[in-house]
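The values are calculated or read from the model by the stated rules, or taken from the named source; none is laboratory data. The model shown is predicted, which means the values in this text are computed figures rather than measured ones. Please note: Cβ atoms are built from the backbone with ideal geometry, for glycine as well, and neighbour counts cover all protein chains shown. Ligands, DNA and RNA are excluded from the accessible area calculation, which covers all protein heavy atoms including side chains. Shrake-Rupley method; radii C 1.70, N 1.55, O 1.52, S 1.80 Å.
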Amino acid sequence: MMNSSKQNELIVSKIKDGTVIDHIPAGRALSVLRILGIKGDEGYRIALVMNVESKKIGRKDIVKIEGREIDEKEASLITLIAPSATINIIRNYEVIEKRKMEVPKLIKGLIKCPNPQCITNNDIEALSKFVTISVKPLKLKCAYCETYITEEDVIRQIL
């Protein structure tokens, strides 16, 4: 019989090599998997923990992916929907890199401007650029046409 403090603990085994994304706002873990293009049939061993207590953010999700390290672009997209997330790269059971992501001041080429008249939607050479106006809540402004985009717009686009 376990003592009461051990009964409430969640046990998820360590991964040998891969990525652990922690401090994801509660309910966003599935969105993180979508950003990574993971549907479940790729063969990765994945641990998904949702709506667990967090001292930092109240409730959080955690995603562990064995056998896959995420790249810079994926990390940047995750940051837009989970600015509190930390991304840990694991090799041989050890954290070899821990990244506390921050929403960048300038976001280039990751998302599209919702304004159909914007030059970024009409000129193949023009790369979208958004200036971060605020992080909580997320609000971005197109550097070209000054159209604002919210966190909900970003999530809708990414997914």
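Scan region 12-41 for residues that are in a helix (DSSP H, G or I) and in contact with an Asp or Glu (Cβ under 7 Å, 6 or more places away or on another chain) and jot them down. Within region 12-41, 29, 35 qualify. Restricting to region 42-61, what's the tally of residues that are in a strand (DSSP E or B) and open to solvent by 20 Å² or more (accessible area, probe 1.4 Å)? Result for region 42-61: 11. Only residues that are modelled with pLDDT under 95 and either open to solvent by less than 60 Å² (accessible area, probe 1.4 Å) or among the aromatic types (Phe, Trp, Tyr) (or both) were counted in region 136-148, giving 1.
Are any residues in region 62-91 within 19 Å of residue 102 (Cβ to Cβ), touching a residue at least 24 places away in the same chain (Cβ under 8 Å) and acidic (Asp, Glu), and if so, which ones? Residue satisfying the conditions is 74 alone. Looking for something open to solvent by 80 Å² or more (accessible area, probe 1.4 Å), over 17 Å from the mean Cα position of the chain (by Cα) and of a type outside the set (Gly, Ala, Ser) - is there at least one such residue anywhere in region 69-91? Scanning region 69-91, I find at least one residue that is open to solvent by 80 Å² or more (accessible area, probe 1.4 Å), over 17 Å from the mean Cα position of the chain (by Cα) and of a type outside the set (Gly, Ala, Ser), so the answer is yes. Looking at region 114-129, is at least one residue aliphatic (A, V, I, L, M), open to solvent by less than 90 Å² (accessible area, probe 1.4 Å) and closer than 22 Å to residue 27 by Cα? Among the residues of region 114-129, not one is aliphatic (A, V, I, L, M), open to solvent by less than 90 Å² (accessible area, probe 1.4 Å) and closer than 22 Å to residue 27 by Cα, which makes the answer no.
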